1. At what distance in nm do the modelled label points of Arg218 and Arg160 sit from each other, each positioned 7 Å from its Cα along Cα→Cβ?
2. Dividing the alpha-carbon radius of gyration of the range 113-159 by 2.2 N^0.38 Å (N being the number of residues), what value is obtained?
3. Give me Asp128, Asp36 sorted ascending by neighbouring Cβ count inside 10 Å, so fewest comes first.
4. Can you sort His178, His39, His112, His105 by how many other beta carbons sit within 10 Å, fewest first?
5. Give a residue-ordered list of calculated ³J(HN,Hα) values for the range 85-101 (Karplus: 6.51 cos²θ - 1.76 cosθ + 1.60, θ = phi - 60°; whole Hz; x for Gly, Pro).
6. Place a point 7 Å from Cα of Leu114 in the direction of its Cβ. Which residues in the range 164-191 have their backbone N less than 17 Å from it?
7. Taking the Cα centre of each part, how many Å lie between the range 135-176 and the range 29-84?
8. When a footprinting reagent is the concern and you count Cβ atoms within 10 Å, what order do Ser103, Ser111 take, fewest first?
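Here, each number is a calculation from the coordinates, and none is a lab measurement. Model, not experiment: these values are computed from the prediction. Positions of Cβ are generated from backbone atoms using ideal geometry, with glycine treated the same way; all protein chains shown enter the neighbour counts.
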Amino acid sequence: MDWQDHMGIIFFLFLFLSTQLPFDEALASDLVVAIDVGHTSAVYGARSARGRGEYQFNLDVGAQVKKALARHGYERAFMIVNPKRLADRSRIAREKNADVLISFHHDSAQSHFLEEWTYNGKKERFCDRFRGFSLLVSTRNAKFRDSLRLATVIGRNLKRQGFAPTLHHAEDVPGEKHFLFNPELGIYRYDNLMVLRTANMPAVLVEVGVIINRDEERILLREETREKVARAIVNSVMEYQLIIGDRTRMSKRG
Ligand SMILES: [Zn+2]
């Protein structure tokens, strides 16, 4: 080979890289993630063992997830915070062209399991029996199969970060008895949750942990725990995109 042959190879290599690299970058920023922050500042959801509202936990974790996604090229990720009505959540996600919706919540337990203790001079309620995450999906969601795929990768990644699922929503007690799609990953069937049911994109509700559990609440309050959750979500979004990425891109361009 003389130098002209090399030039040919270099030219084709250049052509190859120039068409491949921007394409892969586009892949990362292509997917739009709606981060739904469960409940509102006025109606804050569950109350933790130390009297902190669930909404504040959801907001803190949502903000951390948004930051982590942006760092990894998902700059179009956005949060849904304090909407007027419950139905607004899926509407906002739709209007902003979200490809997936992940709703963040923190868990409690049925009231007959709760006991009393005094924290900071105030009577609070707690339940130390249950701990761990749950992932909720609705078969009434328009993209149920993809919702289940997304829940599966989220479950695997949460476990990789050291979290474990709770199975208490499947217990044979009033208010629970929810069907478990996957006991290893804590994936439950919750058909009627408004945000999951009305979303026109794949949607998963993440109960990050049980804040009525005194020990788990302490762990969930730590910055490093939120960072682990955020890492799990980023990795899940990337994996999910590898599974369905081509399809999303094709439908967006077609
Ligand atoms: Zn909640």
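1. The modelled label-to-label distance comes out at 3.0 nm.
2. Relative to the rule-of-thumb radius for its length, the range 113-159 sits at 1.83.
3. On the way: Asp128 16, Asp36 28.
Final ranking by Cβ density, sparse to dense: Asp128, Asp36.
4. His112, His178, His39, His105
5. 10, 4, 5, 5, 4, 6, 5, 4, 4, 5, 5, 8, 6, 5, 8, 9, 10
6. Residues 174-176 qualify, since their backbone N sits under 17 Å from the label point.
7. One Cα centre to the other: 18 Å.
8. On the way: Ser103 25, Ser111 9.
In increasing order of surrounding Cβ atoms, one gets Ser111, Ser103.
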